[in-house]
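Heads up, the thing below is written out as structure tokens.
Laboratory data are not the source of any read-out in this text; all were calculated from the coordinates shown. Here the structure is a predicted model, which is why all the values come from computation and not from measurement. Using ideal geometry, Cβ is built from the backbone for each residue, glycine included, and neighbour counts are taken over all protein chains shown.
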Amino acid sequence: MQTYKNRIEDTSLQLINYARVALYTVESFPILAIKKLLKANAPMDPMPPENHQKLLKQTLDGLIEQDIVNVRQGLYPRELLYPEKPQKHICRYKELLIDALKATLRQKNKKHKEFSEHTEPLLKDMPEYYKRNFHYQTDGYLSSKSAELYSHQTEILFKGTIALMRRVLMAELIRHIQARKTPVRILEIGGGAGEATEILLKSCPNIEVVFVEPSKPYMEFAKNKLSEFNNIEYVNDFFENYQSRKKFDVVFSSFLFHELPLEVRRTVFSKSSKLLKKNAISFHIDSLQLNDNQEFNWALIQFPKDFHEPFYANYIKTPLEELISNDLSFNSNQQAFLSKSVMALNL
Ligand SMILES: C[S@@+](CC[C@H](N)C(=O)[O-])C[C@H]1O[C@@H](n2cnc3c(N)ncnc32)[C@H](O)[C@@H]1O
């Protein structure tokens, strides 16, 4: 039986989630207006189904409900849902609007290889597939400003649901990790600004994380954000170059694969599966793929037309389930709104 106190706590978390969706949706309006004014977006084709608003709302309600259940079950702490300080948020939003204008001009003029002078040295020796303005964002992944704006930008893009999707999908992995009696060694590939890493570190006291990330500014940002934790080792490199003599209990990534060409996706799966101990887990979160949920196919087809995501069209046609089962025993998949997770075991 739920106590009165529990019900109040659950309702407050629910309200935080809905307020977040409302806030980021409102924040997306000026950006959509800039894109409309500059006629930057491609025409919608195919059109969303007539009932898509209702569908989105239903899916969102289910996701928020699951999030509260996960908190209640102790899978992750409630503090992960708390909003940041308003002043910090507003200051960042102002910068983000200026950046949205620059990104829209890049989109309009189909420019996706524009880097400022101070980021040029970082590009040296990087693979061609990475040297680009993903999402048309300024400096791609290669400036500290880009790292600062990343989380807020992606929340606006997904109308306040990206952190929610990550948490809800990660619950399955966290349940496995929490159940283990001995320390769990985790390899995170493409940790970015440390969004998923924070969830792992705050939910699982029994872990050691190796965080592999090729962008130095993003890695530094994550390091700063996660400075209270000493059970994390940072490696500034592409996963293709990563060497380790020790094996892992878990290999994990979040929103990595859709930004990799197919051959690199294959390399990441095969190389990472060789780094797993016996009975270890390979767990990955990313965008939905074609026909995972037919109702959302229109959104997946439209996305790479409006954002610089050159590998996405191939990504949605190449199921992660197939790639992961080349080397490991595919175990399960789950969906959360526009994202999914796949899990395989090294039996
Ligand atoms: C879309 S971001 C996702 C970041 C973070 N995991 C999250 O959930 O928000 C993709 C990240 O993968 C990193 N990345 C791209 N190619 C990589 C590679 N070959 N090896 C490791 N990381 C890579 C990028 O630098 C970027 O930080």
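Things to note:
- Between the range 216-252 and the range 79-147, the alpha-carbon centres lie 21 Å apart.
- GNM result for the chain, Cα springs below 10 Å: residue of T119, T197, T104 fluctuating most strongly: T119
- Scaled to the globular estimate 2.2 N^0.38 Å, the Cα spread of the range 124-165, given as radius of gyration, is 1.32.
- Likely footprinting exposure, Y129, Y76, fewest C-beta neighbours within 10 Å first: Y129, Y76
- Local electrostatic count at Q53 - Lys and Arg +1, Asp and Glu -1, tallied over other residues with Cβ under 15 Å: 0
- If you take all other residues with their beta carbon under 11 Å from the beta carbon of H118, and give Lys and Arg +1 and Asp and Glu -1, the sum is -2.
- Most mobile listed residue (E172, E79, E155) in the chain, GNM with C-alpha springs under 10 Å: E79
- Set K225/K317; K57/K216; K216/K277; K305/K340 screened for pairs whose C-alpha atoms are more than 31 Å apart: K225/K317; K57/K216
- Stretchable slack from L123 to E228, in nm (0.36 nm times residue separation minus alpha-carbon distance): 34.8 nm
- Cα pair distances of the range 124-249 binned at 5 Å [whole percent]: 2, 10, 19, 21, 21, 15, 8, 3, 1
- The chain: calculated mean residue ellipticity at 222 nm from DSSP helix runs of at least 4, using -39500 (n - 2.57): -15500 deg cm²/dmol
- Taking other residues whose beta carbon is less than 14 angstrom from the beta carbon of F239, and scoring Lys, Arg as +1 and Asp, Glu as -1, yields -2.
- Note on the range 15-102: Cα convex hull, mean projected area over all directions, 7.7 nm².
- Two-site label geometry, Y4 and C91: point separation in nm, points 7 Å out along Cα→Cβ: 4.2
- Its Kirkwood hydrodynamic radius, worked out from the mean inverse distance over all distinct Cα pairs, puts the chain at 21.0 Å.
- Under Karplus coefficients 6.51, -1.76 and 1.60, residue-wise ³J(HN,Hα) of the range 9-18 in Hz, glycine/proline x: 4, 4, 5, 5, 5, 4, 4, 4, 4, 5
- Dimensions of the range 85-137 from C-alpha coordinates, computed as largest minus smallest value along each principal axis and given longest first, are 40, 25, 18 Å.
- J(HN,Hα) series, the range 99-116, from Karplus relation 6.51 cos²θ - 1.76 cosθ + 1.60, nearest Hz, glycine and proline x: 5, 5, 5, 4, 5, 5, 5, 4, 4, 4, 8, 6, 9, 9, 9, 10, 10, 6
- Amide hydrogen proximity for R185: with H placed 1.01 Å from N in the peptide plane, the residues at 5 or more positions away or on another chain lying under 5 Å are E208, D249, V250.
- Convex hull of alpha carbon positions in the range 201-324: directionally averaged projected area 9.1 nm².
- Vicinal HN-Hα couplings computed from phi for the range 169-182 (Karplus, 6.51 cos²θ - 1.76 cosθ + 1.60; Hz; Gly/Pro x): 6, 6, 4, 5, 5, 4, 4, 5, 5, 4, 6, 7, 8, 9
- Across S146, S227, S273, mean-square fluctuation computed from a Gaussian network of the chain (C-alpha pairs under 10 Å connected) peaks at S227.
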